Amino acid sequence: MTTDKKPVALLADILIQKGLENLVHSPGSRNAPIIIAFSGYGQLKITTVFDERCAAFYALGMALASGKTVAIDCTSGTAPLNYAPAIAEAYYQHIPLLVLTADRSPQYIDIGDGQTIRQKGVFSNYIKQSYELPQSIDSVEDFAQAEEIINDAINQTMSENRGPVQINIPLDEPLYETSETYISGRLIGLTSKAFDANQDIPEIFTDQWKHSRKLMVLAGQMNPDAELNEILINLTEKQQAVVLTETTSNQCYLDFIDGIDNVISAIQPEESEDYQPDLLITIGGAVVSKMVKKFLREHSPTNHWHISDSGEKMDTFFCLTGTIQSTTVDALKTLMSQPRTAEIHFQKRWLEKKRTADMKREVFIETAPFSDLTVFNQIIKALPPLTRLHLGNSTPVRYSQLFGSQPGLSYFSNRGVSGIDGQISTAAGFATCSSNLNVLITGDLGFLYDSNGLMLLTHCPNLKIVVINNQGGGIFRFIPGPETVHNFEQYFEAHHNLKLELLTKAFNVNYLYADSHQTVEEKVHDLFYGNHGVQVLEISTPAEINAEVLRNYFKELRNR
């Protein structure tokens, strides 16, 4: 049984043939033909989520974990607008989503009809491509056009430059009519660009590589990649490169500079030029550290090249020389075969700073009072091997950088756009596609903002959530400026006295609470090693002390 709307029936057939495995559906009337068509295919997993914002982030998490396109569908009107935050995140993080938005016929738009807005191209600023499915198929030409739209759309999600694609679907009533006749469409393949070192790596870049004495590689956000990790290790050991990583880079090695803020804080102003690269190569996505952005903007490398599948120009430091459109592995393998004359003291300086900063961190934390910093230290040390760790914005992902990359852990965060929305939903979607323990560390505001995501936890018993409740937006106590404003707590910090127990229990989720070093140790162990299904651990920390501790921490790193 399928829908009698031929374009929608064709859509379902082609997407299933293309291997679509997951559809996240938000109930509505206008999108009834979509769910009628897709529910006729037993091999497709359909998850119903009534909140479109949660649904989109849930699908984003599934696509991030699986590496495959996940489809989402919703009704018309404001429903698609709730997809926007997750679509923007997917766009900037290159995550494949196929967005199916049911719509009214064009004649009903802007005449005062209900649940109707201008949906065509509504995501134009942060989506790879938008298509509109024809409303009817009345000829061979119509059929061929619909086939091309559907194939192009799903192919675009998985091309070198992965990302979200929209198909807007105008539908007339009646919406619930069915047909016994399935429609079959042809498949159009995805053509990939083959890497050619001679064409894709400019001669000028190869020449700069050969003559660079102070080589730095900075890795932004990316998924774990064992082959890339080995290449970066070889760059460190054989080419004396300084490799800067963040936890969200998912690259780990003893001699990587994996606590960037710690190390840069320890560099004295008069020695900054000694740490300035002459060739900077950036890989991956966004970088969390504001300190490294400031450092490389003030002490610009002579040349900066970015390696990217999509060819995007990531001029983060305002000194971009050019972009290499290639997989990172292919480009770096080619460069590794080229000789370089390295200044060995450059790498040595960075590694010595790292070891000094790491020792200072451990000494400081031993005597630091109960605070966000010490809580993070306890949590990170207690995480079981092979945990998939999800980090909320804004403070959790920043705190994690201070402790470097722990072997065996994988780190994920919505750092494409860096919003606080969708943290629970994204982690839940990821956990459904992962057999490992998944842990989300989030703040109280991020948790409250996505509290509807708690309804998704029944799908992922392998997800544990840690909420660090410092009664408001703690990030505004750390960054310069907000505290000088009158009514700071009201207008920036959004101070509150809320406890999360009743909210958590309303969604039938097990709840734990801690507010001291001792209780954190006990509850974290229970959370990670107890067999109690989905749990939320709320850890209450003192807002005023948190900011003071962090300021003193960086002050200690700066001391000679």
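The values are calculated or read from the model by the stated rules, or taken from the named source; none is laboratory data. These figures come from a predicted structure and were not determined experimentally. Using ideal geometry, Cβ is built from the backbone for each residue, glycine included, and neighbour counts are taken over all protein chains shown.
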Enumeration of residues in the range 341-373 that are more than 28 Å from the chain's Cα centre (by Cα) and more than 18 Å from L244 (Cβ to Cβ): T341, M359, K360, E362, V363, F364, I365, E366, T367, A368, P369, F370
Those residues of the range 352-369 which are farther than 12 Å from E556 by Cα and exposed (fewer than 15 other Cβ atoms within 10 Å of the Cβ), in sequence order: E352, R355, E366, T367, P369
Some residue of the range 418-425 being more than 14 Å from L64 (Cα to Cα), acidic (D, E) and surrounded by 24 or more Cβ atoms within 10 Å (Cβ to Cβ): no
The range 133-183, residues that are polar (S, T, N, Q) and either crowded, with 20+ Cβ neighbours inside 10 Å or touching a Leu at 6+ places or on another chain (Cβ under 8 Å) (or both): Q135, N151, N155, Q156, T157, S159, Q166, N168
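Every residue, every condition in (1) of a type outside the set (A, V, I, L, M); (2) over 30 Å from E52 (Cβ atoms); (3) touching a helix residue (DSSP H, G or I) at 6+ places or on another chain (Cβ under 6 Å), yes or no:
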position	(1), (2), (3)
T334	yes, yes, yes
S337	yes, yes, no
K354	yes, yes, yes
V363	no, yes, no
L373	no, yes, yes
G416	yes, no, yes
Complete set of residues in the range 75-126 that are among the hydrophobic types (A, V, I, L, M, F, W, C) and assigned to a strand (DSSP E or B): L97, L98, V99, L100, A102
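Can you tell me how many residues within the range 28-54 are buried (at least 16 other Cβ atoms within 10 Å of the Cβ) and assigned to a loop (DSSP other than H, G, I, E, B)?
9
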Helices (runs of 4 or more DSSP H) (entirely within the range 375-453) containing at least 3 residues that are over 17 Å from the mean Cα position of the chain (by Cα) and farther than 20 Å from P224 by Cα: 444-449
Any chance G121 is on the phi > 0 side of the Ramachandran plot and surrounded by 20 or more Cβ atoms within 10 Å (Cβ to Cβ): no
Residue count for the range 243-255, restricted to those that are surrounded by fewer than 24 Cβ atoms within 10 Å (Cβ to Cβ) and out of contact with any Pro (no Cβ under 7 Å at 6 or more places or on another chain): 3
The range 404-463, residues that are free of Cβ contacts under 8 Å to residues at least 60 places away in the same chain and on the phi > 0 side of the Ramachandran plot: G408
Checklist (1) out of contact with any Lys or Arg (no Cβ under 6 Å at 6 or more places or on another chain); (2) over 29 Å from Q156 (Cβ atoms) applied to E227, failing item: (2)
Unique residue being farther than 30 Å from S410 by Cβ, in contact (Cβ under 8 Å) with a residue 40 or more places away in the chain and in a helix (DSSP H, G or I) when the list is L64, L15, L10: L10
Candidate set from the range 86-118 (those that are closer than 18 Å to S310 by Cβ and among the hydroxyl-bearing types (S, T, Y)); member that is surrounded by the fewest Cβ atoms within 10 Å (Cβ to Cβ): Y92
Qualifying residue in the range 336-352 (condition: within 29 Å of H390 (Cα to Cα) and either modelled with pLDDT of 95 or more or in contact with a Leu (Cβ under 8 Å, 6 or more places away or on another chain) (or both)): yes
